[in-house]
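Take a look at the structure below.
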């Protein structure tokens with residue numbers, strides 16, 4: 001139903017073993033904490049950590065990655081090669097960032113797996129999410145991970161599969177396929193699944209399954225009228 005290979009190119013992550021024996025893509029998130037607990041952490045000598053950034057003990061950083069002043073990496077976390085971790089970025093626990101990724105100013109990540117070349121560059125939030133190869137969040141876009149009712153998250157697949165799928169997770173943001181584009185200030189609700197090359201326009205509130213190569217946008221109309229004369 002939700003085959004991993006239909007959404008994610010496992011050749012574009014150094015951590016493909018996370019998906020071994022996983023029936024659904026989100027099952028990899030259940031294994032993330034244990035996976036990171038078994039890693040020997042290492043910061044490549046090419047990485048300058050002398051700037052005013054906070055880098056926790058259980059953090060690996062790959063060759064050529066730049067950590068700007070004011071960034072916080074709590075860990076456990078693995079940051080790949082040639083990434084940009086910009087000023088004000090906040091990387092919390094159990095995060096894997098692939099190669100050539102951008103985690104920008106004001107962006108917060110928690111319990112996330114980013115494949116290579118993912119961009120979350122401007123004031124973003126993502127919790128309990130998987131970002132496929134070359135996916136991108138526009139400025140201010142958010143990946144919400146908790147239902148307001150605090151219930152177990154079910155994948156709302158009614159539009160395409162005729163049923164809801166149990167995840168067993170209290171927290172699940174989204175499974176974001178390869179090359180997905182999410183526009184500025186869009187919000188993706190908990191338990192969403194976005195197919196490869198799909199697009200969510202700015203300011204859209206999305207919930208559910210978006211098939212590959214589909215585009216979703218709001219159709220709100222604007223009204224232009226004459227301006228009243230100034231009264232002052």
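Read the figures in this text as sums done on the coordinates, not as results from a lab. None of these values were measured; they are calculated from a predicted model. Don't worry about glycine lacking a Cβ; one is built from the backbone with ideal geometry, like all the others, and counts go over all protein chains shown.
Here are a few things to note about the model shown:
- Residue satisfying condition, being over 14 Å from the mean Cα position of the chain (by Cα), buried (at least 20 other Cβ atoms within 10 Å of the Cβ) and farther than 21 Å from residue 22 by Cα, within set 205, 210: 210
- Single residue of 147, 171 found to be farther than 16 Å from residue 2 by Cα, in a loop (DSSP other than H, G, I, E, B) and touching a residue at least 60 places away in the same chain (Cβ under 8 Å): 171
- Any hit, the stretch 52-74, residues being touching a strand residue (DSSP E or B) at 6+ places or on another chain (Cβ under 7 Å) and within 15 Å of residue 176 (Cβ to Cβ): no
- Tally, over the stretch 179-194, of residues that are under 17 Å from residue 7 (Cβ atoms) and surrounded by fewer than 22 Cβ atoms within 10 Å (Cβ to Cβ): 2
- Residue within the stretch 153-163 that is in a loop (DSSP other than H, G, I, E, B) and farther than 24 Å from residue 24 by Cβ present: no
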